[in-house]
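We did not get these values from a lab; they are worked out from the coordinates using the rules stated. Because the structure is predicted, anything quoted here is derived from the model rather than measured. FYI the Cβ positions are ideal-geometry reconstructions off the backbone, even for glycines, and counts take in every protein chain you see.
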Amino acid sequence: MICLTRLMTLLFLFSSLVFNAQEYDILIKNGRLIDVKNGIDKVSDLAIKEGKIAEVAKSISEKKAKKIIDAKGLLVSPGLIDIHSHNFHGTEHNAYLSNSFTALPPDGFSFRSGVTTLVDCGGAGWRNFRQFKENVIDQSKTRVLSFLNIVGSGMKGGAIEQNIADMDSKLTAIVAKQFPNEIVGVKLAHYSGFDWTPTERAAEAGRLADKPVVIDFGGSQPELSLETLFMEKLRPGDIFTHAYAHVNGRTPIVNENGKVEEFAWAAQKRGIIFDVGHGGGSFLFEQAVPAMKQGFIPNTISTDLHTGSMNGGMKDIVNIMSKFLNMDMPVADIIAATTWNSAKAIKREELGHLSKGAVADVTILNIREGDFGFIDTKGKRMDGNKKLECELTIRDGKVVYDLNGLAAVPWDE
Ligand SMILES: [Zn+2]
């Protein structure tokens, strides 16, 4: 008799564990879930457990989760990936974007705009990458990756970035291979001589490290040919940033007749990645609007974040996404250009999607309607009636930013 009672108690305990256990940490319900890699764009529920995506389904029971987030009317996206940012923050004077005040500490500027992965674009070179890793990458909750500058000393501005003698393909590739978890490619920027050597050194480092190269091109008088860069110097998969810029010493992709250059179409077809890299001087509506009207859309949308751009027309990645939304780029394409396309561009295909088992980096966005103004880097305004806003950000399964308390309980409950 005693044995039977104990058996029944055990059975009761077992069944209550099985049927009432809250197996998920977070359940996001009723949002429009956009996961480009998996071809999903529909209202779905998403469950998270132990930092991983546990389940995506039309409906998941609330009983199964400890925390419920109602995302009705909102977009649910993989955590945003910004492939052109400047985050080698430090206190060195006159160091431009390498261990400097103008490069921003990651966590203060990432989560509040839905970004879970930031790629510093050339702040560090092979000489100071360890300093960047120890002081910034290892201290950040944001996933911080790096395009290593072909200049050994990194992006310190002025003469340092013109020094071809400090552009060492072999040493750059060695350090890139030493830190495969953090370094995703090689950067060349700001070189203003009439000379292909820096481009060739960066491309060679990319070949040796088997990683993509990102180029911020132009500045020389006479100009180096943009067509030669696209069709001969870069490989498919290499990245051309500042796609919609019109700066001295670089041919714009939209010509004086308002047409996208034939070689730009050919380059994108060839596999060159066109990245926005908005920044403080590299995004003009007079380039972007006609390009978008002709269907020349960016592969990736990135910020070129630093103190100058964030206080100018750029602001943050959702503001740039809003510009493209108001230029009639479909929402799913905008999400692709900030998640899955970005992950592929940096060859980190474990990121940028919501597959079961993937890291639970998730961004919830709101599309607001009203009267808004957007500013380009010439100070020109474009009016719009839609604006994206970051509602909530989850990094590694934890809520790290929550604008309106979607994940919080009422104070008087
Ligand atoms: Zn930059």
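In terms of other Cβ atoms within 10 Å, 119, 318 run from fewest to most in the order 318, 119. Checking the cross-link pairs 187/323; 344/398; 37/398; 347/378; 37/64 against a 30 Å limit on the alpha carbon distance flags 347/378 as lying beyond it.
Placing unit charges on the Cβ atoms of the charged side chains and taking the dipole of the chain about its Cα centre, the candidate lying farthest along the positive direction among 76, 111, 178 is 76. Whole-Hz Karplus values for segment 318-334 come out as 5, 5, 5, 4, 5, 4, 5, 4, 6, 9, 6, 6, x, 3, 5, 6, 5 Hz, taken residue by residue from phi with 6.51 cos²θ - 1.76 cosθ + 1.60 and θ = phi - 60°; glycine and proline positions read x. Taking packing as the residue-averaged number of other Cβ atoms within 10 angstrom, the listed peptides 46-52, 152-158 run from highest to lowest as 152-158, 46-52. Peptides 243-255, 394-406, ordered by how many other C-beta atoms sit within 10 Å of their residues on average, highest first, read 243-255, 394-406. Taking the Cα centre of the chain as reference, the dipole from Cβ charges on Lys and Arg (+1) and Asp and Glu (-1) amounts to some 900 debye. The H on the amide N of residue 68, modeled in the peptide plane, is under 5 Å from the matching H of 27, each at least 5 residues off or on a different chain. Annotation: amide H of residue 401 within the under-5 Å range of 393, sequence separation 5 or more or interchain, hydrogens built in the peptide plane. Here, segment 79-345 yields an orientationally averaged convex hull projection of 12.3 nm² when only Cα atoms define the hull. Computed over neighbours whose Cβ is under 12 Å from that of residue 345, the net charge equals 0, Lys and Arg +1, Asp and Glu -1.
Each residue of segment 378-395 is assigned a 3J(HN,Hα), and the resulting list reads 9, x, 8, 9, 10, 7, x, 10, 9, 8, 7, 9, 7, 8, 7, 10, 10, 10 Hz, derived from the Karplus form 6.51 cos²θ - 1.76 cosθ + 1.60 (θ = phi - 60°), x at Gly and Pro. Packing, as the average of other Cβ atoms within 10 Å across residues, places the peptides 101-111, 288-298 in the order 101-111, 288-298, highest first.
To the nearest ten degrees, helix 2-20 and the longest principal axis of the Cα atoms of the chain are 30 degrees apart.
Close amide-amide hydrogen proximity is noted between residue 124 and 149, 155, each under 5 Å apart and 5 or more residues distant or on a separate chain (H modeled in the peptide plane; Pro and chain starts excluded).
Residue-wise HN-Hα couplings along segment 183-194, as the Karplus relation 6.51 cos²θ - 1.76 cosθ + 1.60 with θ = phi - 60° gives them from phi, are 8, 10, x, 10, 10, 10, 8, 6, 6, 10, x, 7 Hz; Gly and Pro carry x. For a straight C-alpha distance cut-off of 15 angstrom, the aspartates and glutamates reachable from residue 269 (same-chain residues fewer than eight places away being disregarded) are 227, 232, 238, 261.
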